[in-house]
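Structure record follows, encoded as structure tokens.
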Amino acid sequence: MKKLWCLTLIGLMMAIQPAVIRGGEYLTYQDIAFVNDDVRLLRQFQSWHFDVYYDRLAGRRFWGWRTYTAHDHEPVRFRKETLYVIENAGTSPVHKTYFFETTYASKYQVSATGNIGTSTSGDIRSFRLNLDAEIDVRHTRERSHTQSEHVEIRLQVDPATRLRVEVYGEGLLTNGVARYYRFWRNVRSGGWEVFLVTTEYFSIVKEEIHVRPSR
């Protein structure tokens, strides 16, 4: 009876409609790891980081931005999301073909703190008051339009095995601080960050699980 229930559960999971994977905000990714240990995300900045970086800004301006880059195009590896976790507690292997539709809205993602602000035009989010141009023009040239891709994956889940289908990727991170001046007066300040996705790929991981013998 226990084996029948396990096989029925697997069958129900495999009846799920094809997964649709959409390009999401990098701050929602499951894991983000940097190649260089001293790199950190903007949300990990502490108050003393801002104090140090603000001190490195050039003097006031009559009108416009002053920016400082703390981390420049730092390589990033990430685990975006886990699509499926399937356990085969039966005695026979299970075969299944999955069809995935991946949709990338934008490979260029930004976030900000303070009162710098961001705006969205279509699928592209950018900084307000043309801060993008002040930071690094290379980022603005690497934006992507919405595109879809269909992927077919054939899987075999062996007995006493757990299988995970996950989405991994690599990217580049640039962040820092900025201040905006009008008539020599600082009217906006805060942190800014640009996350550029360079590649995404599927990962299939199989793990052995302990299955209690049926009585």
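The values are calculated or read from the model by the stated rules, or taken from the named source; none is laboratory data. Only a predicted model underlies this, so the values are computations on that prediction, with no experimental measurement involved. Every residue, glycine among them, receives a Cβ derived from its backbone with ideal geometry; neighbour counts consider all protein chains shown.
Of note:
- Single condition residue 71 does not satisfy, out of (1) in a strand (DSSP E or B); (2) surrounded by 16 or more Cβ atoms within 10 Å (Cβ to Cβ); (3) modelled with pLDDT under 90: (3)
- Residue within the range 183-206 that is among the charged types (D, E, K, R), farther than 29 Å from residue 27 by Cβ, part of a strand (DSSP E or B) and in contact with a Phe, Trp or Tyr (Cβ under 7 Å, 6 or more places away or on another chain) present: no
- Qualifying position, being among the aromatic types (Phe, Trp, Tyr), surrounded by fewer than 16 Cβ atoms within 10 Å (Cβ to Cβ) and modelled with pLDDT of 95 or more, among 5, 48: 48
- Flag for residue 212 being at pLDDT below 90, part of a loop (DSSP other than H, G, I, E, B) and in contact with a Lys or Arg (Cβ under 8 Å, 6 or more places away or on another chain): no
- In the range 31-45, residue surrounded by the most Cβ atoms within 10 Å (Cβ to Cβ) [restricted to those that are hydrophobic (A, V, I, L, M, F, W, C) and within 24 Å of residue 180 (Cβ to Cβ)]: 42
- Matching residues, the range 55-68, being loosely packed, with under 15 Cβ neighbours inside 10 Å and either under 19 Å from residue 129 (Cα atoms) or without any contact (Cβ under 8 Å) to a residue 12 or more places away in the chain (or both): 55, 58, 59, 60, 62, 63, 64
Quick grid of which residues meet (1) at pLDDT below 90; (2) basic (Lys, Arg); (3) outside any strand (DSSP E or B):
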| site | (1), (2), (3) |
| --- | --- |
| 75 | no, no, no |
| 79 | no, yes, no |
| 83 | yes, no, no |
| 90 | yes, no, yes |
| 95 | yes, no, no |
| 98 | yes, no, no |
| 125 | yes, yes, no |
| 134 | yes, no, yes |
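- Count of the range 100-123 residues which are among the β-branched types (Val, Ile, Thr) and at pLDDT 85 or above: 4
- Residues in the range 184-215 that are under 30 Å from residue 48 (Cβ atoms) and either more than 15 Å from the chain's Cα centre (by Cα) or loosely packed, with under 12 Cβ neighbours inside 10 Å (or both): 184, 185, 186, 187, 188, 189, 190, 191, 192.
- Residue match in the range 75-87 (condition: closer than 24 Å to residue 127 by Cβ, under 27 Å from the mean Cα position of the chain (by Cα) and surrounded by fewer than 16 Cβ atoms within 10 Å (Cβ to Cβ)): yes
- Test for residue 160: is it of a type in the set (A, V, I, L, M, F, W, C), at pLDDT 95 or above and touching an Asp or Glu at 6+ places or on another chain (Cβ under 8 Å): no
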